[in-house]
Amino acid sequence: MPLPKYIVRLTAEERTELEELIRTGKRAASVIVHARILLKADAGDGGPGWDDERIAEAVECGASTVYRVRQAFVEEGLPAALFRKKPTGRQYRKLDGAQEAHLIALACGAPPEGRATWTLRLLADRLVELEVVDSISPECVRTTLKKRFFEGSCGAPQAGWRQ
């Protein structure tokens with residue numbers, strides 16, 4: 001099934017703004033590329049109305065980029081087509097204070113039977129086994145211990161921490 005075609009029709013003001021943006025060259029390269037795409041895709045009066053493959057070749061980008069810029073312009077307007085959206089999601093911490101305290105207490109304690117030291121994987125598996133967390137990666141254990149490790153509570157980090 002072919003992708004829907006997004007027809008770009010620029011107003012005279014938009015065309016002037018894009019031409020000025022390209023001429024000055026004082027924007028990010030991606031913004032200039034998107035401006036060039038829109039000018040070449042313009043099917044309005046005075047616009048060349050090129051197809052996606054021809055634009056991609058002329059602007060030296062992928063056809064999917066041309067498609068996404070067309071789509072953003074038609075659905076959301078000029079600013080959305082020119083500028084990338086800022087990430088809105090926030091990375092939340094995997095462990096709260098009580099869970100971190102449990103991890104540090106576990107790391108300060110004696111390692112499992114038959115082991116000389118705790119490994120990051122052993123600590124992660126033990127936290128899941130004790131139902132402190134549903135799941136946790138050894139990398140999350142490492143970063144938590146690196147940021148919060150001991151702070152004088154049971155000594156300096158061991159040199160033998162392994163994944």
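The values are calculated or read from the model by the stated rules, or taken from the named source; none is laboratory data. Just so you know, these numbers come straight off a predicted model, no measurement behind them. Because the Cβ atoms are built from the backbone with ideal geometry, glycine has one as well, and the counts that use them run over all protein chains shown.
One table, with the values for the structure above:
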| item | result |
| --- | --- |
| From 104, 55, residue being assigned to a helix (DSSP H, G or I) and either among the aromatic types (Phe, Trp, Tyr) or touching a residue at least 40 places away in the same chain (Cβ under 8 Å) (or both) | 104 |
| From the options 20, 14, residue that is at pLDDT 90 or above, in a helix (DSSP H, G or I) and surrounded by fewer than 14 Cβ atoms within 10 Å (Cβ to Cβ) | 20 |
| Selection within region 24-52 - over 11 Å from residue 82 (Cβ atoms), among the hydrophobic types (A, V, I, L, M, F, W, C), part of a helix (DSSP H, G or I) and touching a residue at least 12 places away in the same chain (Cβ under 8 Å) | 39, 41 |
